[in-house]
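Have a look at the structure below before the remarks.
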Amino acid sequence: MPPGWPDFSSGNAEALLAPFLTCTSPAEFLALQERVDMPRLVEALDDWRAVRLGAQGTPREDAARLLNRKRASFLVNALENHGAVRAQVLALFTVNSAHDDDLREMLFLLAQDKRLEEILAVLPAFQTALERRGLKPTARPDRDFEMSDVGRGFARAGRDALSSSPMRGDGAAFAFSTIRSQLPPDYQEALDEAEKRWAEQHFSAGNVVLGGLDQLTFGVPLGFYGLLASTGHGAHSLARGRYEQATRELAPAALLVALYAGGKGMRSLSEARGAPGMGRQLLTGFEAMELRLRALEHTARQLEGLLGVDGLRELARYLRASREASRFVAVGGVDAALALYESRGSVAKARPLMSRARPGASGTSSPKEVRGTERPGSLVSLVDEGTGHTREVVEAKLSALELESTGPRLPRDVSMLEKQRPSLDAPPPGARGNPRWPEYVEYYEKRLGEVKERKAAKGPLPWEAYEQMRGWFARGLAFERVMVKRLEADAQLPREQRRFLGDFARPRIETNVGVSKPGSGLRFADVLVIEEGELAGRPRRVETFSFKSRDLSGLRETALEAQMIADAKEALRNYGETLDIRRESLQPLLPGGSEVRVPRVRLVYEGGKLQPTNPDYLDAAMEKTRSQVPEVEVLFQ
């Protein structure tokens, strides 16, 4: 912090902005805003510096409208001062660094100023970027004509005439060179490409069509600007290396969520400044960027294990949509992100989840007390009555997965287990702040009791193995919810267009149905589909679906075949052949008794990054599984 900052009397807008560009997380950005009169500071900035400020993160609410007014003004002036080619890229940067509620306000301001239709017509990339965010810019018409528009038109004509003079042209070029240097590298490259294409087409026949900006539609994650374009010290050169590698490995949605939820992880940057051998020097350049990326990657992996890829995308959408949601997560970290996800983006509903998530807030101090809370990321938070994930179902599924886990285990030695007994109040470094630590303590105590009573066939999993197992369990439930929605949509299609349920006239989809068979005991089928239509003398058709989130990407041919065959045999053993359906609501459809024959089981793996990367290995494994377990159909989604 420079001495005397902020000095509004100096008239130095860059000095007013500078401290915000050094923030390493949205949480720091929010904290810094609390120390200054934000409306006055935003008012003192020119339009471009206001855009740069907004690109750092979420603005304080009392300054948001003024900031959006300057963003709208910047778009209009960029078109007039720098031309449509350059304004396309600047408009994309403005859109990608703003929340949805900011963009709606900007559209309103442009329409009120009778400039929206013009901007949309001249800057097609601006309209495309808005539509990809789910907004409808053409739905808001410009205001009606007013006499003052005539004067404004003459003023614009005068500016256009002046812009043809060499002095004005040199001044505009110098101003734009400053803006270009302060954009993130991806946008500088897009400007070069856009200007190159314009030059190539300038003397060609027909209309000049600007293209080549699709690479920017992924968007700059809100607030990530400072990690790329902050005050030098090698950040740009590192951005060309490690940052680009990181963005290839982590999806933009994961980067955005990790940036907001990882505020606590970013503290490693500050803590490292006092590390042995470093003294009290300020980390800059490569060292700082490496630490930032490491913290982001750790948070992204943690949340991906909890929510799955689709869950991360949904959470990113909540953050992009609302300033309030982004502030909530930036301050509350991972717990707040999970609470926001559980509440479907509603901050009002997420706040009670956060208050119950903290053991100290309600005086909880033992695993028994923690068990009943809806701590985000805990077992209770995975309960979803609407998809059949009741507490009973979730616990049963987790218990089955834990017993089948092939991870390392602690031995069934009571004295050793007593010595290593985990404490709720003293988690190891890797578990601090993790919402599943209280759950692990309860699990350990339960397994220790079973070992003492000689009822346990296996010792407990160590924390690291349990955490990994639970991450995959949460991801599996998220994938299951996605597949249920796909099946429900499939059932609504005409029979000949269905992908999954074409063998049914009137399919009835039931989730997490209790089924039993000799040797398997009571299990919960992920999905059971039963024919509700007329039978015409035929037996009622029943099929089951089993969903798996399993990383098969690194397996070679032999290991892949063995894993898929084992999974298919397990699905057939638990959910195929002859099943006793225990759900009472289905009994009216089973006049011949609750035992039914299941002619086919669908084993559906989560695809994407988890799918085998070698197509030859996959084809061979699919064929081998089909020949050995013909009753099971294997799919990847």
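Of the numbered criteria (1) over 23 Å from Lys397 (Cα atoms); (2) in contact with a Gly (Cβ under 9 Å, 6 or more places away or on another chain); (3) modelled with pLDDT under 90, the one Pro588 fails is (2).
Total residues in segment 1-56 satisfying the condition of being acidic (Asp, Glu), assigned to a loop (DSSP other than H, G, I, E, B) and more than 19 Å from Ala72 (Cβ to Cβ): the figure is 3. Elements of the type helices (runs of 4 or more DSSP H) sitting completely within segment 244-347 and holding at least 3 residues that are modelled with pLDDT of 80 or more and farther than 26 Å from Tyr187 by Cα: these cover 323-342. Look at Lys609 and say whether it is modelled with pLDDT under 90, under 16 Å from Leu635 (Cα atoms) and not in a loop (DSSP other than H, G, I, E, B). Here the answer is yes, as Lys609 does meet what is asked. Hey, Phe500 hits all of (1) outside any loop (DSSP other than H, G, I, E, B); (2) in contact (Cβ under 8 Å) with a residue 60 or more places away in the chain but one; which does it fall short on? Here Phe500 meets the rest and fails (1).
The rows are residues; the columns are (1) hydroxyl-bearing (Ser, Thr, Tyr); (2) farther than 25 Å from Leu401 by Cα; (3) surrounded by fewer than 18 Cβ atoms within 10 Å (Cβ to Cβ).
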position: Leu522; (1), (2), (3): no, no, yes
position: Asp526; (1), (2), (3): no, no, no
position: Glu543; (1), (2), (3): no, no, no
position: Phe547; (1), (2), (3): no, no, no
position: Lys569; (1), (2), (3): no, no, yes
position: Thr578; (1), (2), (3): yes, no, yes
position: Glu584; (1), (2), (3): no, yes, yes
position: Gly608; (1), (2), (3): no, no, yes
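Could you tell me which residue of segment 329-350 is farthest from Glu297 (Cα to Cα), considering only residues that are surrounded by fewer than 23 Cβ atoms within 10 Å (Cβ to Cβ) and not charged (D, E, K, R)? Looking at the filtered set, the residue picked out is Ala348.
When you check Ala91 against the structure, is it aliphatic (A, V, I, L, M), under 27 Å from the mean Cα position of the chain (by Cα) and not in a helix (DSSP H, G or I), yes or no?
So Ala91 does not fit the description; no.
Kindly evaluate Lys397 against the criterion of being out of contact with any His (no Cβ under 7 Å at 6 or more places or on another chain) and either part of a loop (DSSP other than H, G, I, E, B) or surrounded by fewer than 19 Cβ atoms within 10 Å (Cβ to Cβ) (or both). Here the answer is no, as Lys397 does not meet what is asked.
The values are calculated or read from the model by the stated rules, or taken from the named source; none is laboratory data. Computed from a predicted model, the values in this text were never measured in an experiment. Heads up, the Cβs are rebuilt from the backbone with ideal geometry, glycines too, and the neighbour counts pull from every protein chain shown.
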